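Before any comments, here is the structure.
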Amino acid sequence: MVLMNKKSDGFTIVELLMVIVVIGILAAISVVAYNGVAAKARDSQRAQDIKTIAKALEVYYIDNGRYPLSTGSTSINNSWSASADASWANLAAQLKPYIGELPVDPTNNGSGIGSTNYGYGYYSNPNTTAASTNFCSASGDYQFYILTYNREGSGLTRETSGTCVGSGLGNSYQDYYRAVR
């Protein structure tokens, strides 16, 4: 009796399935890691954009003695400028001599004036007395502006420049920068 040697060329189905499973696991890990890195990069860009806009607003204030007016039809008393609508172009026109192009949120899928939107919001009150606003309370006459934005990361970034007691912003905004003079 003659025994034939079986020559095995190729892979078994079990081996192929194992390779496919391992590749699938590695792909899933890569996608999750990439999404986290991309969100952090967008948050970093938002923080830089807010600082850039704030610098332009301060130079505008030095030249004009007031902050630019916020105009728009966005909710909250119809006086916010939002990066997702035409009112942002009005603000950009006022800041044109001070900033090349007014930044918009990397995602820019909303007004920036709410807790679930990704966009920038700007509100100014150039001639304010202590009792006239619920966004900021200070003694004497003062002017202020608020830049709102939402981050994808956890935690809050709420910065204030100047003296401002109290805030009507509450939890409607995840993150903001507020300047008072």
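Please note which strands (runs of 3 or more DSSP E) are completely contained in segment 80-181 and include at least 2 residues that are surrounded by 14 or more Cβ atoms within 10 Å (Cβ to Cβ) and at pLDDT 80 or above.
Working: elements: 121-128, 142-149, 158-161, 175-180.
Per the criteria, 121-128, 142-149.
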Among the residues listed as SER8, SER73, SER30, the single one being at pLDDT below 90, loosely packed, with under 10 Cβ neighbours inside 10 Å, polar (S, T, N, Q) and over 21 Å from TYR142 (Cβ atoms) = SER8
Over 14 Å from GLN94 (Cα atoms), at pLDDT below 90, surrounded by 11 or more Cβ atoms within 10 Å (Cβ to Cβ) and hydrophobic (A, V, I, L, M, F, W, C), is that true of ALA39?
-> yes
Condition broken by GLN48, with the remaining ones in (1) in a loop (DSSP other than H, G, I, E, B); (2) at pLDDT 80 or above; (3) surrounded by fewer than 17 Cβ atoms within 10 Å (Cβ to Cβ) satisfied | (1)
Can you run down the residue pairs with Cβ atoms below 9 Å, 6 or more apart or on separate chains, where the first is in segment 49-61 and on the phi < 0 side of the Ramachandran plot and the partner is in a helix (DSSP H, G or I) and not aromatic (Phe, Trp, Tyr)?
-> ILE53/LEU91; ILE53/LEU95; ALA56/LEU95; LEU57/LEU95; VAL59/LEU95; TYR60/GLN94; TYR60/LEU95
Are there any pairs, at least 6 apart or on different chains, whose C-beta atoms fall under 9 Å, with the first in segment 78-107 and of a type in the set (Phe, Trp, Tyr) and the second in a helix (DSSP H, G or I) and crowded, with 17+ Cβ neighbours inside 10 Å, and if so, which?
-> TRP80/SER87; TYR98/ALA56; TYR98/LEU57; TYR98/TYR60
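The values are calculated or read from the model by the stated rules, or taken from the named source; none is laboratory data. Computed from a prediction, not measured in an experiment: that's the story for all the values here. A quick note on method: Cβ atoms are made from the backbone with ideal geometry, for glycine too, and the neighbour counts reach across all protein chains shown.
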